[in-house]
Every structure is written in structure tokens, then in C-alpha cells.
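Okay, structure first, notes after.
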Amino acid sequence: MRDIHQEKILILDFGSQYTQLIARRVRECRVYCEIVPFNIEIEKIKKSNPKGIILSGSPSSVYAKDALIIDKNVFELGVPVLGICYGMQLMTHLLGGVVSKSAKREYGKAELMIDDKSDIFKKLKAQSSKLKAITVWMSHGDRIENMPDGFVSIAHTDNSPVAAMKSRDSRLFGLQFHPEVAHTPKGMDIFKNFLYNICHCSPSWTMASFVEYSVENIRSAVNKKRVMCALSGGVDSSVTAVLVYKAIGDRLTCVFVNNGLLRKGEAEKVLSTFRDNFHINLIYADAEERFLNKLKGITDPEEKRKIIGREFIAVFEEESKRIGGFDFLAQGTLYPDVIESVSFKGPSATIKTHHNVGGLPTEMEFELIEPLRELFKDEVRLLGKELNMPDDVLWRQPFPGPGLAIRILGEVTKERLDILREADAVVLEEIKRAGLYREIWQSFAVLLPVKTVGVMGDERTYENVIGLRAVTSTDGMTADWARLPYDLLCNISNRIINEVKGVNRVVYDISSKPPSTIEWE
Ligand code: XMP
């Protein structure tokens, strides 16, 4: 098998908020990379045989009492090293140069004057009126006072005489600024120079090669045994299922649990996509009644979540026992879930645990198959595309595990679920019709636990209120309410009130997160 990791870049993480961004930029250059804790043993680095090493930034200072220091043999491995911000200062400090506190902290945009246009700054076009200057993003309190022996300065700013440096043999590089952020518009060119010209990597990390490599890996790991996969219909579990199916065909069985808390038409859609189009073995567990019985009389949001989580596990376990004979469980864990988010504190720091569909119990007797563990979300979509999956699966807005139960404030009943499903379907239809579905992070309806007075024809009504929620976000951690056009709001409101029996009022939620949350419960 061709090893697509033959050309690998290692990123030593010193805890910068931008470490993941460095990895994404390298991958965008189609070079495979991994983030590892800064204190990884030198033997492990040698074993993984990287074509180059990048030292990330850090909130720390090389002179702090608990500074994050590495074995300086990293610079003796013969592979190119790029130190970014703290990485550059550490390189300086370990190789005998001097780092000191800047008289003035440099933060934000700066003009970088390039003094050597070979190597890492090759073919960069100046962006500013100042000759040979490009715009870069600075964020540092320390600066290089004296470079180590054998180094030369290759760029400067008004505040930093050494804003970039290299060793005379053009193998070790330091950048005081952050090429990985969007505020450094030529950053990608700098990475390309480092990866292609200095590390001699080729742009070979493509989704086609990933599929080939991954399929072979899954085949040899599974080795004629059988795999189960909990399919939610979301992007990650869907792509996992199709990839594993490509590798082992009918030895994969997917279980889709209909908990009765799904959107209108959702269950049918999952069945038709995976069973009819992809011909994947799919067990459809209709557990609607079970879930609704358990949720009777429950109004507390956390209680709802617990009940739904427990019930999901129970159904899944029953199904896996009923069919029997499975050794592996496939899960859609992604790279950001795998990276030790606090890896700069040391390799022993806990890895964030991830539960994909509803949180499967760890004591289940399965070995895990996690074919997406090396990928970022946007790469998963590319992978899905490579596997000929339809756009409406790949670009689905996130949907919470507990489903509509946490969008019905108060008790969850079949009647209230049906009202919400109809209203929610109108919201999605109109958002899609307006061409806004992809740019909006999540858009949905919420059923409120109040009734209000209305008038329809000559009659007074006393009916439900629907809350409309639409937010923009990049990761769901923070969010802002979407500035939907008035005409669209008008269409949504009119249609819901006219078409959904039991609703006579629609309100729009204009709260950001924080301090509000995206969901209402
Ligand atoms: P909040 O409401 O906390 O939501 O701003 C952030 C993101 O998480 C989703 N969410 C959940 N997803 N189980 C899930 O699988 C849950 O219990 C849950 N609660 C919130 C929410 O839809 C949003 O994308």
C-alpha cells in the first residue's frame, strides 16, 4: 500500500490559539501534518520521519519560570524547522541567541520589509506602497535581540529588526509574525515555499489518495470481521458509513434509531439515501413510542437529555445483540476531537473524549474504527464529495442528538412534536429557497410554552407561539443572530400562521451567544 503519510510535517504545539490553524494551512497546501505535544520524545519524532517540523506560537515566554522548553536536538535532525513567534524565540534561545522583552508590544497588523527574497519569501509580491513590504499579523511581547551564530535576518519591521531569520544553510527559519492567520494575506505563499521548496514535499494529500489509503487500512484492520455503525444522518456518521461500506461492503451494518424527535421527513430521507442509493445494510429501529413514553411529564431540559441519551444506548445495544456477531464499531470522530486541546501541558493531559451519536457506552464490547480521526470538518465534506455523496447530506446544518425535544419548551408530546415539525419544515424550506441554508449555521423553529390571543376571520384564537432561531457561527461556540431579510421573515411568519394548525404568532430571536445559547433549552 502506498503510504500517503510518507511526506509528513510535524507541528509541535506550545499551546498557541493558532496551532490548529497552522495544521489547516499545511493541509490546504495538500501536505499531511500532525499536531503533537511540544515535549514529544525525540525518538518518537525520528520514528515518525517528518519531512519538516513547525514550532507553534505560545502564550508563554522563553524566560518564564515554567517556560516550555524542548530538546535542542530537534534542530540537529537534519530536517527543516520553521519556528513561528514563540517557536522562533525558542529556536533563538536554544541555539545561543538572545531574546528580550520588546520596548513596545507589537500587536496587530504590521508592514514587513523583506530583505531576502530567496527561500521562504520567494516570489512574494509586495502588497504595500513601501518597497518589498507585505502585511503581516504580529502578536508578541518578546523579540530577538541577537540571532544565534550562523543565522541571518531576512525581514524587519519598524519595531523588530529581526522579524524573520534563517540559518545560513537555509534549513532553520524563524518568523516573528503569524503566517497562518487570514490577516497575513501572503501567509499561504510562505507555507508553500516552506513545504514545497524547503521541505521538498509534494502536494499529494488529496481526498482521492485518502480514500485509497483509508479503504485499505479499514480492510486490513477489520480483517473479514463485521462492523456496526450508528447512523444519525449527520455529516460525520454519514461519511463514516459510506467510507467503511466502500471498504468492506456488506460486512458493515448501520443502525438508524428513529427516536420520534426528528425533523419532518428526516427518517425517510436517511433510509432512501443510505438504503436505496448506497445499498448499505441499514437497520431501522422505530423507537418513537419508547422515547415518547419515557419523556412523558418531563419538562427539565437536562432530564430530557439524560433520558434520551440512556434510551438511545438501550435501543442500540438491543439491536446489536439481536443481530449479533459484531467486533467493531465505526464512529465519526474528527481530528479536532482527537487533538489534545491542552497538549502543551504535556502528553499526559487528558484527551477530549468524544461521543458521536448520542454517546455510546465505553464498556460495550467493540473495537473502535474511526476513519475520520485525521480530518477536519471541511475535509470530511471533501471526502464525502469524493465518495459521490449528495450535497444535501454533506451540507446539512448541525442537529442536536436530543432533536426536537429540546426545541419544545415544556413537555414533549406527539401533538406538540407534530406542530413543531410542520413549522420547522416551513422555516427550512424558506431558508433554502432564499439561498441562505449554507451560510447560516443553524435555522429552526422552537415551540414556546405560552399561548397568545389572535384573530382569524371573525374569530378570536388562543394558540401557540413559534420562536424562529437563525444564527451565524463558525463552530457553534459563539454565534450571532442572522440578519435575515424582512421579506423572508415575512414569508416564514405568514406561512407558519396560515399553514400550521395551532399556531397564531411567530417571534424572531435576536439574541447572540454568549450570553444566550443557540438552542432554547
Ligand atoms: P448551544 O445551545 O449550547 O448549542 O449554544 C451549541 C451547539 O450544540 C448543539 N447542541 C447539542 N448537540 N446534544 C447534541 O448533540 C445536545 O444535547 C446539544 N445541545 C446543544 C446545538 O444544536 C448547537 O449546534
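The values are calculated or read from the model by the stated rules, or taken from the named source; none is laboratory data. Everything numeric in this text was worked out from a predicted model, so none of it was measured. Cβ coordinates were reconstructed from backbone atoms using ideal geometry, including for glycine residues, and neighbour counts include every protein chain displayed. For the accessible areas, the whole protein counts, side chains as well, though only heavy atoms, and no ligand, DNA or RNA atoms are used. Shrake-Rupley method; radii C 1.70, N 1.55, O 1.52, S 1.80 Å.
General remarks:
- Proximal lysines to residue 65, defined as alpha-carbon separation beneath 21 angstrom and excluding residues fewer than eight positions away on the same chain: 101, 345
- Relative packing of 213-223, 407-417, which averages over residues the other C-beta atoms within 10 Å, highest first: 407-417, 213-223
- Ellipsoid semi-axes in whole angstrom, largest first, where each is sqrt(5λ) of the Cα gyration tensor of the stretch 438-521: 27, 14, 9
- Residue 488 versus residue 283: modelled label distance in nm, points set 7 Å from Cα along the beta carbon direction: 4.1
- Amide hydrogen neighbours beyond the local backbone of residue 155, cut-off 5 Å, H modeled: 115, 163, 164
- Computed over the stretch 8-198: relative contact order in percent, which uses C-alpha pairs under 8 Å that are six or more apart: 21
- Residues in the chain average 46 Å² of solvent-accessible surface per residue, probe 1.4 Å, ligands and nucleic acids excluded.
- Ligands, DNA and RNA aside, residue 189 has an accessible area near 60 Å² when probed at 1.4 Å.
- Counting only residues at least eight positions apart within a chain, or on another chain, the lysines with an alpha carbon under 28 Å from that of residue 513 are 109, 264, 304, 306, 352, 377, 432, 451.
- The chain: antiparallel DSSP beta bridges as a percent of all, rounded to 5: 50
- Carbon plus sulfur fraction of accessible area for the chain, probe 1.4 Å, in percent: 49
- Computed on the stretch 207-394, with alpha-carbon pairs under 8 angstrom and 6+ residues apart, the relative contact order is 28 percent.
- Contact order relative to length of the chain, as percent, for alpha carbon pairs under 8 angstrom and 6 or more apart: 11
- Across the stretch 110-210, the volume of the C-alpha convex hull divided among the residues equals 116 Å³ per residue.
- When its C-alpha radius of gyration is set against 2.2 N^0.38 Å (N residues), the stretch 207-394 gives a value of 1.05.
- Sorting 310, 263 by solvent-accessible area of protein heavy atoms yields 310, 263, largest first, with a 1.4 Å probe.
- Residue 429 versus residue 377: modelled label distance in nm, points set 7 Å from Cα along the beta carbon direction: 2.8
- The calculated Kirkwood hydrodynamic radius for the stretch 8-198 is 16.3 Å, given to one decimal from all distinct C-alpha pairs.
- What the pair-distance distribution of the stretch 1-97 shows, using all Cα-Cα distances binned every 10 Å from zero, is 16, 51, 28, 4, 1 percent.
- Cross-link pairs beyond the 29 Å C-alpha cut-off, checked among 8/246; 225/414; 132/192; 192/385: 225/414
- Fully extending the segment from residue 460 to residue 101 would add 122.0 nm, taking 0.36 nm per residue of separation and subtracting the current Cα-Cα distance.
- Ratio Rg/Rh [Cα only; Rh per Kirkwood] for the chain: 1.04
- Counting only DSSP beta bridges whose two residues both lie in the stretch 407-508, roughly 70 percent are antiparallel.
- R0 of 35 Å, Cβ-Cβ distance residue 66-residue 478: FRET efficiency to nearest 0.05: 0.70
- Cα centroid separation - the stretch 128-177 against the stretch 387-435, whole Å: 51
- Measuring with a 1.4 angstrom probe and ignoring ligands and nucleic acids, residue 33 comes out at about 0 Å² accessible.
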